[in-house]
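Asker: Provided herewith is a single structure, encoded as structure tokens, for subsequent inquiry.
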Amino acid sequence: MIDPYEMLNVEREADEAAIKAAYRKLAKSEHPDAGGDADRFAKMSACYELLKDPVRRKVYDDTGYDPQLAEPTDLKGLMVLESLVNDMILDEREPGSFDPVASLRRKLTDDILKARFHILELERHRGRVRKHIDRLGKRPEADVLGSMLRARTQSITDAIRASETQIQAIERAYSMLDGYSYEMEHVNDDEIELPKAAE
């Protein structure tokens, strides 16, 4: 994620006038017509657009993310977390009676394991299809069966790539939880009701 404050060399408390002045100063040397790098200038302009928009700036300040400045892997990680946050909100248990951050981490870990197992299964299927292709005698005319098997191999390869991309998104979501903790309600041992023994 690009830090717009760092990119424009302004303080986080900078007002609109200071941000505008910093942008104009940098634009003089960074503009492609002045010999600057076009990609860097585009990023700098995107940062300026973010900081001059009070709503986007507040969202960035609160979350550290902006969709237009975020890397694709960050956005995918955010999408993974978004669905899990909805589950957390809809959980009927009393806040403080369970650790939702630990639950999020467990869910993400489970999803990574499932995706890796799925990849192993797909690789096994792809290997079997390739062995069939190796053993299949080719017809002199159109190789319909061979074409179908090769297409199936490509479909499996595409599915493996999609699963690998999903794992990267889940891992990114997991890393976004770094540093979070959750304060649990403290329950005294004498407040816990133990089941009565049968007489």
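Quick note: the coordinates plus some simple rules give every number you see, no bench work behind them. In this text, all values refer to a predicted model and were calculated from it rather than measured experimentally. Ideal geometry is used to build each Cβ from the backbone, glycine not excepted, and the neighbour counts take in all protein chains shown.
Asker: Hey, with R₀ at 30 Å, roughly what FRET efficiency would residue 131 and residue 159 work out to, going by the Cβ-Cβ distance, to 0.05?
Answerer: 0.95
Asker: Using 20 Å as the Cα-Cα cut-off, could you pick out the over-long pairs in 52/76; 76/114; 58/107; 25/52? Kindly include the intermediate steps, with their values, before the conclusion.
Answerer: Values: 52/76 26 Å; 76/114 18 Å; 58/107 30 Å; 25/52 16 Å.
Table pairs above 20 Å Cα-Cα are 52/76; 58/107.
Asker: Only counting other Cβ atoms within 10 Å, I'd like 30, 123 sorted with the fewest neighbours first.
Answerer: Lowest to highest Cβ neighbour count: 123, 30.
Asker: Calculate how large, on average over all directions, the projected area of the Cα convex hull of segment 49-112 is; give the answer in nm² to one decimal.
Answerer: 5.5
Asker: May I ask you to evaluate 6.51 cos²θ - 1.76 cosθ + 1.60, the Karplus curve with θ = phi - 60°, for each residue of segment 159-165 and list the ³J(HN,Hα) values in order in whole Hz, giving x for glycine and proline?
Answerer: Karplus-based 3J(HN,Hα) across segment 159-165 equals 5, 5, 4, 4, 5, 5, 5 Hz.
Asker: Same structure again: Please give the FRET efficiency for residue 49 paired with residue 88, using the beta carbon to beta carbon distance and R0 = 22 Å, rounded to the nearest 0.05. All intermediate terms of the calculation are to be shown ahead of the outcome.
Answerer: Working: r = 32 Å, r/R0 = 1.47.
Efficiency, rounded to the nearest 0.05: 0.10.
Asker: Rounded, prolate or oblate: pick one for segment 1-87, where a ≥ b ≥ c are the square roots of the eigenvalues of its C-alpha gyration tensor, a/c under 1.5 means rounded, and failing that, prolate if a/b is larger than b/c, else oblate.
Answerer: Taking the square roots of the gyration eigenvalues as a ≥ b ≥ c, segment 1-87 is oblate.
Asker: Among 129, 85, which comes first, then next, by fewest other beta-carbon atoms within 10 Å?
Answerer: 85, 129
Asker: Please work out whether segment 89-176 counts as rounded, prolate or oblate from its C-alpha gyration tensor, where a ≥ b ≥ c are the square roots of the eigenvalues and a/c under 1.5 means rounded, while otherwise a/b larger than b/c means prolate and anything else oblate?
Answerer: Prolate.
Asker: Which net charge results for the neighbourhood of residue 167, defined as the other residues with beta-carbon distances under 12 angstrom from its beta-carbon, given Lys and Arg at +1 and Asp and Glu at -1?
Answerer: Spelling it out: positives minus negatives among the neighbours equals +2.
Asker: Convert each backbone phi in segment 114-123 into a coupling constant with the Karplus relation 6.51 cos²θ - 1.76 cosθ + 1.60 (shift: θ = phi - 60°), then list the ³J(HN,Hα) values in order as whole Hz, x for Gly and Pro.
Answerer: 4, 5, 5, 5, 4, 4, 4, 5, 5, 5
Asker: Could you tell me whether segment 1-154 comes out rounded, prolate or oblate from its Cα gyration tensor? Rule is a ≥ b ≥ c as square roots of the eigenvalues, rounded for a/c under 1.5, then prolate if a/b exceeds b/c, otherwise oblate. Walk me through the intermediate numbers first.
Answerer: Values: a/c = 4.75, a/b = 1.57, b/c = 3.02.
It comes out oblate by the Cα gyration axes.
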